[in-house]
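Read the structure below first, then the notes.
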Amino acid sequence: MSQLAGLFAELAQKNRKALIPFVTAGDPNPDFTVPLMHAMVDAGADIIELGVPFSDPMADGPVIQRASERALAHHQSLRTTLAIATEFRKTNGHTPIVIMGYLNPVEIMGYEKFADAVQAAGVDGVLTVDLPPEEAEECTALLKARGVDPIFLLAPNSSAERVQKMDAIGSGYLYYVSLKGVTGAGHLDVADVEAKLAEIRANTKLPVAIGFGVKDAETAKTIANLGDGVVVGSALISQIEANLHSPAQAKQAIIELLTAMRQAMDN
Amino acid sequence: MTEKYNMPDARGHFGAYGGIFVAETLMPAIQELNAAYQYYMHDADFVAELDKDMQHYVGRPSPLYHAERWSKELGGAQIYLKREDLNHTGSHKINNTVGQALLAKRMGKTRIIAETGAGQHGVATATVAARLGLECVIYMGAVDVARQSLNVYRMKLLGATVVAVESGSKTLKDALNEALRDWVTNIDNTFYIIGTVAGPHPYPAMVRDFQAILGREAKQQCLVQAGKLPNALVACVGGGSNAMGLFYPFIDDADVKLIGVEAAGDGVETGRHSAPLCAGRPGVLHGNRTYLMSDDDGEIIETHSISAGLDYPGVGPEHAWLKDSGRAQYVNITDNEALEGFYALTRMEGIIPALESSHAMAYTLKLAPTMKQDEILIVNLSGRGDKDMQTMARREGIEL
């Protein structure tokens, strides 16, 4: 059983939902990320999604795009993002790390070299935004052979047939994007998410984490009741952006928000 | 070639290139588009409506013009210009926007979006949107908005909303990112008219098919006027839609050389260029695998060209395939050389070419003299230079 599968099984037994913060590696500077990851675990994070900065983040909204730009200004890359994971692993051997990014850096590194590097860095899952199952066979086979879970996205307009496809090729968990649009976008319709989740559950046994539109403790609690995990990204990164003059304050604001989400989800 | 050319395969692959590399949020829209495209391309009603519009609205067929004075001056091949500059809105871009807009209408979409670099595709999109009464939003990099203000004004006159994109390098690639974000958000009522032979399948094949009318005409016109097929074809390549439209009907004619001209900017050796086929490497961007300008970390490199329409870090996947298979050859032309091409055609033939097309003209200056006088060279004059008057005047130190 992979680290991620084991975690979700354990959480299910405790009737607890996974809190999954997303931060862009190297935002606002390369030294910020590893201490933040540890602090997020202390605040109740179960899995950490680490964004790999990319010059053209087509599926992300302005908040995460600007995070990418800040990190790229420090030459943060796929390689240095994996170095951050390695560093984190020195003192935390159990919290799963999922790296999330776009395909081109992986293509340039080469699939096999990438799979080796991911495994060596202690990364547990890989979500490649612009690699749908139709094109993913080669890459996912290499990852799975090394015990790394390929994570796939589901959208509000994904058909039952596509959910089955993700179920067949993905592992660890599926990431349901609860809104049409880019990261950080608008308002979440709870009834819509609930109805869609029922449809998804009918076609997969994999845990389902829900993201896009999780802004505060209240939405985190609502979403936690519907899925197996809650992904929060833009709301955290907004705290970095609001405190660019003081990374220490940014970190504190992120931890406060996560702590509030954890409490709301557990009560 | 003994077997008839039939790329791409059902999954949109041209060998290792092409494909569908998009986020899941876009997948259903891509599948819906592909189904509509496969159906309507063989629907007699649709084809008849398209033919009628091409003739009466676009003004097709465009002439194939024998540039006799220029041919004589260069002393080599007989140069024939495919006059896409004479189309409605002034470039080949309208061939594709008319086709995709008719498709949008059949699919019941009420809102059109597009990205644009030089503004030619934006103008061609705003034009068909106005004609069909569709809402229209055009994404354009802020840098391009500044250097192509005339086209921005034209789009606004036509009723389009022009959004200046401030992210990244503020050019064509960033406009494309922003258009993709719009599409994903407004997927139910919106049709995204991509302007070049790039993007996820079916765009590369679909745009090629809409543009191939210019190549079919050129072939027919050449046979009538010269009594034989041309020896070589030359076209500029940014994303590569005018080149693909010209090349496609000739791919099985193995004796016809296909030559694509990329923008070398300050020179390929300086790194400041837009020539992924000549100096890039394969990767994945904007929904397809193709040659790209990217660094060792896989980040996309900022490009440079005097011509906004060629200022793009990728290229259509079919060109990548044609390059690797050796069927087509790709060369590059610097900004300064393109200007020589611009002045040469203007002064020898009284035709002012777009700066994009000027790259093809500049390569003609090199190639034609090396060919025999009974050989034929067809050069795609993909657009007219009116839009570039401000850029050219500024270079000459003239305030308009």
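Please treat every number below as a calculation from the coordinates, not as lab data. What you see is a predicted model; the values in this text were computed from it and never measured. So basically every Cβ, Gly included, is an ideal-geometry build from the backbone, and we count neighbours across all protein chains shown.
Rounded to the nearest 5, what % of DSSP beta bridges with both residues in chain B are antiparallel?
Details: 16 of 51 bridges.
Within chain B, antiparallel bridges account for around 30 percent of the total.
Just the Cα atoms of the protein assembly as shown: what Rg and Dmax do they give in Å?
26.0, 86
Using Cα pairs under 8 angstrom and six or more residues apart, how large is the relative contact order of the range A:3-266, in percent?
Details: 492 pairs, mean separation 57.4, N = 264.
Answer for the range A:3-266 is 22 percent.
Kirkwood hydrodynamic radius for the range A:3-266: how many Å is it when counted over pairs of different Cα atoms? Don't skip to the end; give the middle numbers.
Values: mean 1/r = 0.0552 Å⁻¹.
It is 18.1 Å.
Report, by chain and number, residues whose modeled amide H sits under 5 Å from the one on B:Ser294, excluding near sequence neighbours (fewer than 5 apart, same chain).
B:Arg281, B:Ile301
What is the log10 of I(q)/I(0) for chain B, computed with the Debye formula using one identical point scatterer on each Cα and no solvent, at q = 0.15 Å⁻¹?
-1.45
For peptide B:181-188, how many partner chain Cβ atoms fall within 10 Å of a residue's Cβ, on average?
Working: counts 11, 2, 2, 9, 7, 2, 5, 2.
Average neighbour count from other chains, rounded to a whole number: 5.
Can you tell me, using C-alpha contacts under 8 Å and at least 6 residues apart, the relative contact order of the range B:15-151 as a whole percent? Provide the component values of the computation, followed by the final result.
Working: 133 pairs, mean separation 22.6, N = 137.
16 percent.
Once phi is turned into θ = phi - 60°, what whole-Hz ³J(HN,Hα) does the Karplus curve with 6.51, -1.76 and 1.60 give for every residue of the range A:140-157, x standing for Gly and Pro?
5, 4, 5, 5, 4, 4, 9, x, 9, 7, x, 9, 10, 8, 10, 10, x, 9
Straight-line reach from A:Lys205: which aspartates and glutamates fall under 13 Å, measuring Cα to Cα and dropping same-chain residues less than 8 apart?
Leaving aside aspartates and glutamates fewer than 8 places away in the same chain, those within reach of A:Lys205 are A:Asp167, A:Asp228.
Kindly write out, for the range B:196-213 in residue order, the coupling ³J(HN,Hα) from the Karplus curve 6.51 cos²θ - 1.76 cosθ + 1.60 (θ = phi - 60°), rounded to whole Hz, with x marking Gly and Pro.
9, 7, 10, x, x, 3, x, 3, x, 6, 5, 5, 4, 5, 5, 7, 5, 4
If the limit is 29 Å between Cα atoms, which of B:Lys82/B:Lys387; B:Lys173/B:Lys372; B:Lys82/B:Lys323; A:Lys90/A:Lys196; B:Lys52/B:Lys72 go over it? Could the numbers behind the result be given before it?
Values: B:Lys82/B:Lys387 19 Å; B:Lys173/B:Lys372 40 Å; B:Lys82/B:Lys323 23 Å; A:Lys90/A:Lys196 40 Å; B:Lys52/B:Lys72 38 Å.
With Cα atoms farther than 29 Å apart: B:Lys173/B:Lys372; A:Lys90/A:Lys196; B:Lys52/B:Lys72.
Output wanted: per-residue J couplings in Hz (rounded whole) for the range B:295-301, from phi through Karplus 6.51 cos²θ - 1.76 cosθ + 1.60, θ = phi - 60°, x for Gly and Pro.
Going residue by residue, I get 8, 5, 8, x, 7, 6, 8 Hz, with x marking Gly and Pro.
Exposure proxy check: B:His359, B:His92, B:His13 ranked by fewest other beta carbons within 10 Å? It would help to have the intermediate numbers written out before the result.
Working: B:His359 36, B:His92 32, B:His13 19.
Ordered by Cβ neighbours within 10 Å, fewest first: B:His13, B:His92, B:His359.
What does the structure give for B:291-303 when I average, per residue, the other chain Cβ atoms found within 10 Å of the residue Cβ? Please report the intermediate quantities before stating the final value.
Details: counts 0, 3, 0, 6, 5, 5, 15, 15, 14, 5, 1, 1, 0.
Neighbouring Cβ atoms belonging to other protein chains average 5 per residue here.
Sort out the exposed loop GluC sites (Glu not before Pro) in chain B (DSSP loop, at most 11 other Cβ within 10 Å) and tell me the longest stretch that has none. Provide the component values of the computation, followed by the final result.
Values: sites that count: B:Glu3, B:Glu396, B:Glu399.
The reported range is B:4-395.
Quick check on chain B: helices-only [θ] at 222 nm, where DSSP H runs of length 4 and up contribute -39,500 (n - 2.57) each and the sum goes over total residues. Nearest 500, please.
On the way: 15 runs with 165 residues, N = 400.
That calculation yields -12500 deg cm²/dmol at 222 nm.
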